Amino acid sequence: QVQLVESGGGLVQAGESLRLSCVASGTTSRIKAMGWYRQVPGNQRELVATIGANDATNDAHFVVGRFAISRERSKDTLYLQLNDLKPDDKAVYYCNAVIWDRAGADVDYWGEGNPVTVSS
C-alpha cells in the first residue's frame, strides 16, 4: 500500500505561482507512475500531468508553457510547479500513484486533495 500526502496549495492572485508537493510512503518501490489530477465541483476529475519510470511526461494541453511536473525519487516526492495561474485553474488538485500489486494488476492510490484558489 502507498500513502500520499499533498501540500503547497492555497489562495493566490492571477499571475502568481505555487508549487505543490506530494510525499509518498509505504511500498514506494512498487510505484509504476505518478501524476496530478484536478477537480472542480460538478465536473469530472481531469488529468493535469503524469510522469513515468523513465521520467517521460504526459501533459494536458493547458500545462504546456505554464506547469511542470517532476519527481524526486530519493525523497519519494512528486512536484507540480504552477506558474502564471489563472482563475480557471481553481480546483482541488489530487496526487495519484499507480501501483503494481501482487496479482499483477494496476491499482490507483490518491491523496486527499490540495485546494488551489486563484482570484482575479
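Worth pointing out:
- Cα-based Rg and Dmax for the chain, where Dmax is the largest Cα-Cα distance (Å): 14.1, 48
- Ligands, DNA and RNA left out, the accessible area of the range 1-48 computed with a 1.4 Å probe is 46% carbon and sulfur.
- Solvent-accessible heavy-atom area per residue, rounded to whole Å², over the range 1-63 at 1.4 Å: 55 Å²
- Simple spin-label estimate for Trp110 and Ala14 in nanometres, 7 Å along Cα-Cβ: 3.0 nm
- Packing here is the average count of other Cβ atoms within 10 Å per residue, and on that basis the peptides 102-110, 72-80, highest first, run 72-80, 102-110.
- Using the Karplus relation 6.51 cos²θ - 1.76 cosθ + 1.60 with θ = phi - 60°, the per-residue 3J(HN,Hα) values for the range 47-59 come to 5, 9, 6, 10, 9, x, 5, 8, 6, 5, 10, 10, 10 Hz, with x marking Gly and Pro.
- Measuring only protein heavy atoms, the 1.4 Å probe finds Val98 accessible over about 30 Å².
- Extension gain, Arg30 back to Ser7 (0.36 nm per residue minus Cα-Cα distance, nm): 6.0 nm
- Counted residue by residue at 0.36 nm each, then reduced by the alpha carbon distance between them, the extension gain from Arg102 to Ala60 reaches 12.0 nm.
- 3J(HN,Hα) along the range 25-34, derived from phi through the Karplus expression 6.51 cos²θ - 1.76 cosθ + 1.60 where θ = phi - 60°, amounts to 9, x, 7, 5, 5, 9, 6, 8, 7, 9 Hz, with x in place of Gly and Pro.
The values are calculated or read from the model by the stated rules, or taken from the named source; none is laboratory data. No experiment lies behind these values; they were computed from the predicted model shown. In this analysis, Cβ positions are derived from the backbone assuming ideal geometry, glycine residues included, and neighbour counts consider all displayed protein chains. When the accessible area is computed, the model is the full protein with side chains, heavy atoms only, and any ligands, DNA or RNA have been set aside. Shrake-Rupley method; radii C 1.70, N 1.55, O 1.52, S 1.80 Å.
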